[in-house]
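FYI, it's all coordinate maths here, none of it is from the lab. On a predicted model such as this, the values are computed, not experimentally measured, just so you know. Neighbour counts are summed over all protein chains in view; Cβ atoms, including those assigned to glycine, are modelled from backbone coordinates with ideal geometry.
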Amino acid sequence: TVPAEKSDVSAATKTPTTLSSDSIINFARGDPMLYEPYWKNKGDRCKMVTLGDELMSYFSNALNLCWFLMPELDCAIRRLHRVVGNAEADDRFIIVGNGSTQTFHALLYALSSGHPEPVSVVAAAPFYSSYPEETEFLQSRLYKWAGDANCFDKDGAYIEVVTSPNNPDGSIRHTVVNREGGKSIHDLAYYWPQYTPITHKADHDVMLFTFSKATGHAGSRIGWAIIKDKAIAAKIVKFVELSSIGVSKESQLRAATILGVISEDCQNPRLEEENFFEYGRRIMSSRWKKLREVVMKSNGTFVLPEYPRDYCRFTGEYTDSNPAFAWLRCKEGLNCEKLLKDECRIITRGGTCFGVEETYSRVSMLCSDAEFDFMLERLSTIKN
Ligand code: PMP
């Protein structure tokens, strides 16, 4: 079986430090290393020093519903959403988790507890490959994976996971089941200006974000949920409390510092260097341009999705979508993942992991510059 997003981290072939013509390179995982040069340039502004007697208590704010959330991170998250305009965070509960992965597990618990029968969990295919694995992992009595939301016809309670922009195909998504009593989780990991135009301020009952894809700091393992309902928020807090008694304070403070630097730069009209989102958008857009040129020269062997331009409220101009993953399709009857492995020696994640045909494969666009150039070189060797 092909490993999912997280197991992929351990199973992955490590990217060689020097890339040679016979190296096999892994583009199956979405490790966001492309932002590393930007953060290298920030120097001391992101530096954190902690002394031996600091951050010792389990508690961050005993008066807050989410008692392990550092007030600094709480403020930094709300400020960044205000600055970017991508989500309504004011007058909402913010719950921090160990990555949005833990928060997703917490939400499955929070939205399904109290039902007599296991609640069906669905997502429209192609869906993020970790959702089925995470949902089925503990064989819970509370919920069960029920597959593609487009084909969901069972009676009873359900949770629809909506990822927008979507992983793997970058499309803008809305709920598709729309049945009375259904609940939804909006995973907005990629709803940031470097990936997509910010067309509106998202204001769903349950929204998930992650530090990993917003800024590239996947190793800090910080994710957050923005929740309208207090009872749901309290259940998420309970889950994090029972599974990890909170979230590392060092990580929270680092996230607060970095999110703070981004907000400050975005709000500073005299800033001479690019702010983080301008930088990310420029790199992503240049990568997509180069990839499309290579794909065009493949004479129809590969096809990429097209995305509409839209007005971005953050940049104040019409911008393109530059998704974090390229969703490659090859000719009918071919196995795209195998073709890329055999012919280009690049590892990608095939369509079946995402609930669709093997003619598709997902390629990460978040790798380092050197890896990206290598990928283009390899792809350009395929002609029909
Ligand atoms: N949701 C989506 C849509 C993702 O693509 C990812 C990471 N690949 C996650 C959640 C998990 O993020 P985290 O690193 O915060 O656990």
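What to note about this one:
- Contact order relative to length of the range 57-266, as percent, for alpha carbon pairs under 8 angstrom and 6 or more apart: 30 percent
- Integer Hz, Karplus 6.51/-1.76/1.60 couplings in order for the range 41-47, x for Gly and Pro: 5, 6, x, 5, 5, 10, 6
- Label point 7 Å beyond Cα of residue 315 along Cβ direction - residues of the range 75-90 with amide nitrogen under 16 Å: 84-86
- Here the range 313-377 and the range 222-255 have alpha carbon centers that stand 32 Å from each other.
- Taking the helices alone, the chain has a mean residue ellipticity at 222 nm of -10000 deg cm²/dmol, built from -39,500 (n - 2.57) per DSSP H run of at least 4 residues and averaged over all its residues.
- Over all other residues within a Cβ to Cβ distance under 10 Å of residue 329, the charged ones net out to -2, with Lys and Arg as +1 and Asp and Glu as -1.
- Once the trypsin sites (Lys or Arg not before Pro) in DSSP loops with at most 13 neighbouring Cβ atoms within 10 Å are cut out of the chain, the longest remaining piece is 48-140.
- Per residue Cα convex hull volume in Å³ - calculated over the range 57-266: 116 Å³
- Note: relative contact order over the chain, using C-alpha pairs below 8 Å and six or more positions apart, is 23 percent.
- Couplings 3J(HN,Hα) for the range 48-57, derived from phi with the Karplus relation 6.51 cos²θ - 1.76 cosθ + 1.60 (θ = phi - 60°), are 10, 10, 10, 8, x, 9, 9, 6, 7, 6 Hz, where x marks Gly and Pro.
- Cα-based reach from residue 238 at 16 Å (exclusive), listing aspartates and glutamates while leaving out same-chain residues under 8 positions away: 229
- Phi-based couplings in Hz for the range 264-270 (Karplus 6.51, -1.76, 1.60; Gly and Pro marked x): 4, 5, 5, 8, 9, x, 8
- Look at 353, 46, 151, 266 and count the other Cβ atoms within 10 Å of each Cβ; fewest to most, that gives 151, 46, 266, 353.
- Summarising the label geometry, the points placed 7 Å from Cα in the beta-carbon direction at residue 42 and residue 155 lie 5.3 nm from one another.
- Residues whose amide H falls under 5 Å from that of residue 144, counting only those 5 or more places apart or on a different chain, are 119, 120, 121, with hydrogens built in the peptide plane.
- Amide H contacts of residue 310: 319, each under 5 Å away and 5 or more positions distant or on a separate chain (H built 1.01 Å from N in the peptide plane; Pro and chain starts excluded).
- Pairs from the list 213/289; 154/289; 297/338 with a Cα-Cα gap above 32 Å: 154/289.
- The slack in the chain from residue 293 to residue 234, taken as 0.36 nm per residue of separation less the alpha-carbon distance, amounts to 16.3 nm.
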